[in-house]
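Okay, so here's the structure we're looking at.
Coordinate-derived values only; no laboratory data. Because the structure is a prediction, the values reported are computed rather than measured. Ideal geometry is used to build each Cβ from the backbone, glycine not excepted, and the neighbour counts take in all protein chains shown.
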Amino acid sequence: MSKELFHRLRFAPSPNGYLHLGHAYSALLNGKICADIGAEFLVRMEDIDQTRSRPEYVEAIYEDLKWLGLIWPKPVMHQSDRFPAYKEKLDWLIEQQLVYRAFLSRKEIKAFAQAYQSKTGCDWPCDPDGAPIYPDLCRQLSMAVSDQRATDGEAFTWRLDMAKAISMAGDDLTWTEYDFEFNPSIVKADPAAWGDVIMARKDVPTSYHLSVVVDDAEQDIDLIVRGMDLYQSTSVHRLLQKLFGLPQPFYLHHKLIFDEDGRKLSKSNQDTSLRALRDEQSLTSVEIEKMLGF
């Protein structure tokens with residue numbers, strides 16, 4: 001691998017809980033790759049979810065990363081400071097008629113899928129994460145009807161008209177995926193597998209998919225090293241990068257860390273945090289690295 005190929009990587013946690021071993025693996029891997037090739041290691045706070053993100057978690061993340069021996073430049077980008085940039089991209093999607101207001105809740109989408117299965121005996125299609133794809137019930141609403149329903153206070157999300165977006169971007173999307181020996185391979189993107197994904201919500205002018213591609217381009221990230229749980233999402237990100245005219249980064253998706261029951265570590269499942277391993281079990285950062293195979 002040429003050291004000149006990659007210049008900047010990032011670790012981008014959400015400050016809605018304490019970091020666990022899975023986060024440590026990803027952060028350390030990013031840091032070690034940067035050290036090996038002379039690239040810059042950045043930290044970014046993905047805090048668009050203002051109801052769950054907390055300042056104490058931000059400080060805890062910094063503390064954990066420093067304990068792991070990682071160093072990064074200041075200031076750190078916070079997505080909560082960048083809503084105008086995301087809104088600009090969302091407004092462009094609206095102007096291009098590539099998004100529409102979708103009024104069904106998750107519960108209603110699930111009920112639709114169940115009713116479809118009961119009626120036809122066939123399963124309603126699901127996205128790569130296993131969630132039912134949004135049914136074609138709101139895409140054809142006129143803008144006047146959509147505006148009125150929004151004015152009347154109905155909750156909604158802005159969803160990408162996937163078929164129209166692919167038609168505009170082309171169906172020849174690919175990305176370059178690297179393995180741990182840094183051998184490249186070309187992967188065919190399949191954004192259609194996700195159906196009409198969410199681009200923004202009623203009160204938040206962005207989503208993970210939208211903000212991550214905008215921020216990676218803004219920070220000149222040329223190698224994205226992240227977990228395999230986001231591998232399939234790359235198809236959506238490549239589509240948005242093409243639509244917005246953004247640079248195409250390279251990718252390396254690493255293994256996930258599982259608990260003793262084979263379950264992926266998760267903040268929502270109260271998995272053991274790095275601070276607990278450090279403060280309660282008195283593990284050192286060197287021991288953590290050995291646990292993770294470094």
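Once every DSSP H run of n ≥ 4 in the chain is given -39500 (n - 2.57) and the sum is divided by its residues, what mean residue ellipticity at 222 nm do you get, rounded to the nearest 500 deg cm²/dmol? Show your work: numbers first, answer last.
Numbers: 10 runs with 110 residues, N = 294.
When only DSSP H runs of four or more count, the value is -11500 deg cm²/dmol.
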For the chain, longest principal axis from Cα atoms; helix 106-120 axis from its Cα atoms; angle between them, nearest 10 degrees, is 60
With DSSP loop assignment and no more than 10 other C-beta atoms within 10 Å, the chymotrypsin sites (Phe, Trp or Tyr not before Pro) in region 160-248 are Phe180
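Scan the chain and report its longest stretch carrying no GluC sites (Glu not before Pro) that are both in a DSSP loop and have at most 14 other Cβ atoms within 10 Å. Please report the intermediate quantities before stating the final value.
Values: sites that count: Glu4, Glu154, Glu181, Glu260, Glu280.
The segment 5-153 is the longest one with no such site.
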Taking every other residue with Cβ under 12 Å from the Cβ of Trp72 and scoring Lys and Arg +1, Asp and Glu -1, one gets +4
Extend 7 Å from the Cα of Ala193 along its Cα-to-C-beta direction; within region 229-262, residues with backbone N under 17 Å of that point are 229-240, 251-256
Helix 55-67 sits off the longest principal axis of the Cα atoms of the chain, rounded to the nearest 10 on a 0 to 90 degree scale, by 40
Within the chain, excluding any trypsin sites (Lys or Arg not before Pro) found in a DSSP loop (not H, G, I, E or B) and having at most 15 other Cβ atoms within 10 Å, the longest uninterrupted segment runs 53-201
Stretched fully, the stretch from Gln281 through Tyr62 gains (0.36 nm per residue minus C-alpha distance, one decimal, in nm) 76.8 nm
Relative to the chain, whose Cα atoms define the longest principal axis, helix 21-37 and its Cα axis are tilted in degrees, nearest 10, by 70
